[in-house]
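The values are calculated or read from the model by the stated rules, or taken from the named source; none is laboratory data. Because the structure is predicted, anything quoted here is derived from the model rather than measured. Ideal geometry is used to build each Cβ from the backbone, glycine not excepted, and the neighbour counts take in all protein chains shown.
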Amino acid sequence: MHHFEYRDGTLFAEDVSITNLAREYGTPLYVYSAATFTRHFKAFDSAFDGLDHLTCYSVKANSNLSVLKLLAGLGAGMDIVSGGELFRALKAGVSPDKIVYSGVGKRAAEIREALDAGILWFNVESGAELLEIIEVARSVGKVARVSFRINPDVDPQTHPYISTGMKKNKFGLDIEHSLKAYAMCADLENIEPIGMDCHIGSQLTSIEPFKEALQKLLDFYGKLKDMGIDIKYLDLGGGLGITYDEEAPPHPTEFGQALKDMLADVPLKVILEPGRVIAGNSGILVTEVVYTKSNPSRNFLIVDAAMNDLVRPSLYGSYHRIAEVEPKGREAMLYDVVGPICESSDFLARERDLPAVEQGELLAVFSAGAYGFSMSSNYNSRPRACELLVDGEKVIVARKRETYDDLLDKEL
Ligand code: LLP
């Protein structure tokens, strides 16, 4: 459920007309709904009521500071993967003891920043990284809390680019190496293993792979206990999918119930790292039709949003629903919706039935709140879009549109 609805023939974000927003702030334009973010966060978090848990929103999905502040205000912790995300999370007011840090290539400076901040733990992804964390912790006289990211070798049945828990993926440690890593920590100073972690992939539309991964982690937990190693946390990562088109992902309550059933007698605090399920349907990308054009093979809608604004269709062939901001009931035609960038991969939709819209009209690209702006770039020297956060009738400029001067800001 989201708060982008048609009222009297015009799309609204909560109580604000998208046409008016586009007129005032220009296009391409990201519009987020605060009520939707709030609703999604609460629906997710409350699905685990009854389990000792902490929901750590995955910053990479949508890292806008206003969004992070909103979620921090609702009590969210954060899952980060870089010094930059740590910086954002702290600026948003997230308590450091609610921050977990994943990623295969954490550098010494980033590790130091996280230790200085006092984050909850590092999700360690290799033996070499463990040694680096110990070294940095020793040099600053601190004890680093860690959890090992276990690669359970489970197929999440999603796009290969966003599958992360299979043997062939770069993420985590296989079970055997993980056991050795925990054993190694027992004899070392400056390091305290307090949890175990996995994240098997993103946009999962079935509970089964989560259950399979969790079972492997629970078996692993048994082995740790046999070795006399006592941990306190279990982090199951993110990954719950959303509806872009006709997918029917499980509701968070179904996910929550599955975990509650499997963890009933397990004395571990559970960490969850949802990104897309909170942010995905909380945002749209608004774009104007710049030109229409046809050749013997195709009809094109050339719009002012491009792969630099929303790369998912180009990168993964992802589907995003596209609709008129002011539907006029016209017949549908088959279109490629393309941007102005000089690449044939610059498209938002291919061979899509859409009403025969005209130059100057507005389109809304739905489900753009996650991995939309956060994956945007300046390719083709295009200033990045403006981001708005709508809250009822209130409009917050969450990020100003970039200017040409911004493009050259760091250049000689
Ligand atoms: N935790 C870790 C360690 C992750 O790597 C990710 C996402 C998440 C949590 C959040 O996963 P989510 O709940 O959002 O599925 N750019 C791709 C998605 C990449 C996901 C990367 N990791 C896309 O646009 O589909």
### Query
What number of residues within the range 317-346 are within 16 Å of the ligand (Cβ to nearest atom) and either more than 15 Å from GLY372 (Cβ to Cβ) or not aromatic (Phe, Trp, Tyr) (or both)?
5
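Test of understanding: among VAL395, VAL338, VAL390, which residue is closer than 15 Å to ASP304 by Cβ and touching a strand residue (DSSP E or B) at 6+ places or on another chain (Cβ under 6 Å)?
Working: VAL395 fails: closer than 15 Å to ASP304 by Cβ; VAL390 fails: closer than 15 Å to ASP304 by Cβ.
Just one listed residue meets the conditions, VAL338.
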### Message
Suppose the filter is farther than 25 Å from PRO274 by Cβ and either modelled with pLDDT of 95 or more or assigned by TED's automatic domain parsing to the domain that holds ALA61 (or both); does ALA181 pass it?
### Response
yes
### Message
Being out of contact with any Ser or Thr (no Cβ under 9 Å at 6 or more places or on another chain) and assigned to a loop (DSSP other than H, G, I, E, B) is true for just one of VAL94, VAL104. Which residue is that?
### Response
VAL94
### Query
Which of (1) more than 19 Å from the chain's Cα centre (by Cα); (2) away from the ligand (no atom under 16 Å from the Cβ); (3) assigned by TED's automatic domain parsing to the domain that holds LEU263 is the odd one out, the single condition THR27 does not satisfy?
(3)
### Task
Give the range 121-155 a look and list any residue that's assigned to a loop (DSSP other than H, G, I, E, B) and either within 14 Å of the ligand (Cβ to nearest atom) or out of contact with any Pro (no Cβ under 8 Å at 6 or more places or on another chain) (or both), or say none.
GLU125, SER126, VAL140, GLY141, LYS142, VAL143, ASN151, PRO152, ASP153
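Let's see how each residue does on (1) over 29 Å from ASP116 (Cα atoms); (2) of a type in the set (Lys, Arg); (3) in contact (Cβ under 8 Å) with a residue 60 or more places away in the chain:
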residue: PRO156; (1), (2), (3): yes, no, yes
residue: PRO160; (1), (2), (3): yes, no, no
residue: LYS170; (1), (2), (3): no, yes, yes
residue: ASP174; (1), (2), (3): yes, no, no
residue: ALA183; (1), (2), (3): no, no, no
residue: GLU189; (1), (2), (3): no, no, no
residue: GLU192; (1), (2), (3): no, no, no
residue: ASP197; (1), (2), (3): no, no, yes
residue: GLY201; (1), (2), (3): yes, no, no
### Query
How many residues are closer than 17 Å to PHE41 by Cβ and more than 14 Å from the ligand (Cβ to nearest atom) when one looks only at the range 89-120?
5
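Answer yes or no as to whether ILE175 is more than 25 Å from LEU65 (Cα to Cα) and surrounded by fewer than 22 Cβ atoms within 10 Å (Cβ to Cβ).
Answer is yes for this residue.
If you take the residues of the range 70-88 that are closer than 16 Å to SER374 by Cα and assigned to a helix (DSSP H, G or I), which of them is nearest to the ligand (Cβ to nearest atom)?
Across the range 70-88, the extreme among qualifying residues is GLU85.
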### Message
Residues that are surrounded by fewer than 24 Cβ atoms within 10 Å (Cβ to Cβ), more than 16 Å from the chain's Cα centre (by Cα) and within 24 Å of GLN203 (Cβ to Cβ): does the range 265-275 have at least one?
### Response
yes
### Query
(1) within 11 Å of the ligand (Cβ to nearest atom); (2) under 17 Å from VAL100 (Cβ atoms); (3) out of contact with any His (no Cβ under 8 Å at 6 or more places or on another chain): which one isn't true of ILE191, the others all being true?
(1)
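Looking at the range 354-394 only, could you name the residues that are of a type in the set (Gly, Ala, Ser), part of a loop (DSSP other than H, G, I, E, B) and on the phi > 0 side of the Ramachandran plot?
The answer is GLY360, SER367, GLY392.
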#### Entry: Any strands (runs of 3 or more DSSP E) falling wholly within the range 201-316 and containing at least 1 residues that are within 13 Å of the ligand (Cβ to nearest atom)
233-235, 269-272, 283-294
### Pick from the range 276-294, criterion surrounded by fewer than 18 Cβ atoms within 10 Å (Cβ to Cβ) and not β-branched (Val, Ile, Thr), ranking: farthest from GLY77 (Cα to Cα)
SER294
